[in-house]
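Structure first, then comments.
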Amino acid sequence: MYIDRNDTICAIATGLGKSAIGKIRVSGPEAIEICNGIFIGKKRISEMETFTAAFGRIYDEGRQYDEVIALVMKAPHTYTTEDTVELDLHGGPFVMKRVMELLVSKGARVAEPGEFTKRAFLGGRIDMTEAEAVMDVINSETDMALNASLNQLSGNLRDEISDIREKLIYNTAYIESAIDDPEHYELDGYAETLQDTVNEILERLDKLLAGFDEGRLIREGINTAIVGRPNVGKSSILNTLLGEERAIVTDIEGTTRDTLEEYISLDGIVLKLIDTAGIRETEDKVEQIGVDKARTSISSADLVLLVLDGSDDITEDDKNLVKSITDKKVIVLVNKSDKEESFNADRIRDLLAKEFKDELPAIIEFSAKTGGGKDLLKAKISELFYEGHLDYNSEVRITNVRHKGLVVDAEESLRKVLQSIEDGVGEDFYTIDLMAAYESLGTVIGESLEDDLADKIFKEFCMGK
Ligand code: GDP
């Protein structure tokens, strides 16, 4: 356990390369005093109002370090809830390192990754879902991911979870009161009321869980396999789509992103292309990409884009590919629509109808050459994965595996309550499971979260955050 809220921490909050400005953040009970001792400006830091800035120099024992702007923010209305001073220096790694050393020599401690946010959490300013959202905002790489994170940062998930927990604790308290004081609290018919409440809560939790898959797709992109026999135009389609907008994806520590993966962002819908290396190899046409190779990428795909060559006949390979994707979300791209067609959508529909029992995949006439069909493709993907609407500002959703596991636990406990009601066992049995659900949900927002788990979560943060 590294945290001691009585000490004062400092960290470089900006990137570590050379830049115009570099920010050092100091937070804790002695932040103002420590900075005051090394700052010479028109004003003294100790005399500055909260949320004001002053120009000055960092000095110590006759030695000048840098010209800075100091921003003073006083507890409790700061990011960490503690006194905080931010020093804007010239953004050179060397000068920033020197100032950091100076701060440490004056009694500050170099912060652990995520420690500023952890203090915000321990100070009660934010709950765990909001703390985790801070990290998600930083890691967001698309508008949709950013919106989902900002949504969580605003406390929507916390509010939903807190509201559910209040209902759980109310019912537990009621049962316990009734057991202690049967004269004043009625338990006759209570089981039915509780059953309704638990069912209603289960529905709300189901809704949160249903949002999880969408949440994952928002954060990580839709795993997409582009499959088709050689020469149908897979690489060309990939290039056309990449020309649209290459999603900028940086390496984030702790995530397993393969450098071979290619990301495409279509108006905010992120496709993560699977086995792009394989797809690229087809460009030199040396390798025959058969059904077998496609199969591996199909198995992990959320979406399969099956490419057929509309200017060529349907072959056995095409038919075999169709057979291998019947349990997937599929969009068929009939490519080379700029050329004279050899078969039309009707023939493909017949072919698909044989294999797809429930719903036929969408068929889009596409041209990698002209880009024709791209808008329709976007619309279809949006329909398949987001029910056609991509605006997440108001929805409460779970995007985090940790939260998902806890909500699943809570649901299990609540189902036990329903079982107990059905079995007609004593009311005191209900409270055990109601409280278990209450605690699981409490762990989502960070109440009753064990220290080492909290440490683990915060350690994934950037330095200085
Ligand atoms: P892959 O083997 O499936 O990756 O196919 P390629 O992308 O390498 O394309 C095979 C050939 O078809 C190349 O000569 C492409 O220029 C051509 N091609 C691909 N898409 C189209 C298209 O939409 N229209 C036309 N006219 N030619 C295309």
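The values are calculated or read from the model by the stated rules, or taken from the named source; none is laboratory data. From a predicted model like this one, the values you see are computed outputs, not experimental measurements. Note: ideal-geometry Cβ built from the backbone for every residue, glycine included; neighbour counts use all protein chains shown. These area figures cover heavy atoms from the full protein model, side chains too; ligands, DNA and RNA do not enter into them. Shrake-Rupley method; radii C 1.70, N 1.55, O 1.52, S 1.80 Å.
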Residue within region 437-459 that is in a helix (DSSP H, G or I), within 30 Å of LEU87 (Cα to Cα) and basic (Lys, Arg) present: yes
Region 355-373: number of residues that are farther than 10 Å from LEU308 by Cβ and either exposed (fewer than 14 other Cβ atoms within 10 Å of the Cβ) or within 15 Å of the ligand (Cβ to nearest atom) (or both): 12
Single condition TYR185 does not satisfy, out of (1) without any contact (Cβ under 8 Å) to a residue 24 or more places away in the chain; (2) over 34 Å from the mean Cα position of the chain (by Cα); (3) open to solvent by less than 70 Å² (accessible area, probe 1.4 Å): (3)
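Being more than 16 Å from the ligand (Cβ to nearest atom), hydrophobic (A, V, I, L, M, F, W, C) and touching a Phe, Trp or Tyr at 6+ places or on another chain (Cβ under 9 Å) narrows it down to one of ILE398, ILE381, so name that one.
ILE398
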Selection count, region 303-321, where residues are more than 16 Å from the ligand (Cβ to nearest atom) and crowded, with 17+ Cβ neighbours inside 10 Å: 1
Residue ranges of strands (runs of 3 or more DSSP E) in region 24-121 with at least 1 members touching a strand residue (DSSP E or B) at 6+ places or on another chain (Cβ under 7 Å), among the hydrophobic types (A, V, I, L, M, F, W, C) and more than 29 Å from LEU153 (Cβ to Cβ): 39-41, 52-60, 63-73
Sole exception among (1) open to solvent by less than 40 Å² (accessible area, probe 1.4 Å); (2) within 16 Å of the ligand (Cβ to nearest atom); (3) under 34 Å from the mean Cα position of the chain (by Cα) for LEU376, by number: (1)
Subset of region 329-354 [open to solvent by 20 Å² or more (accessible area, probe 1.4 Å) and within 20 Å of SER297 (Cα to Cα)]: LYS329
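Give the residue, chosen from SER154, SER162, SER149, that is under 30 Å from GLU214 (Cβ atoms), modelled with pLDDT of 90 or more and either hydroxyl-bearing (Ser, Thr, Tyr) or surrounded by fewer than 17 Cβ atoms within 10 Å (Cβ to Cβ) (or both).
The conditions single out SER162.
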Selection within region 74-96 - within 31 Å of the chain's Cα centre (by Cα), farther than 22 Å from GLY124 by Cβ and aliphatic (A, V, I, L, M): LEU87
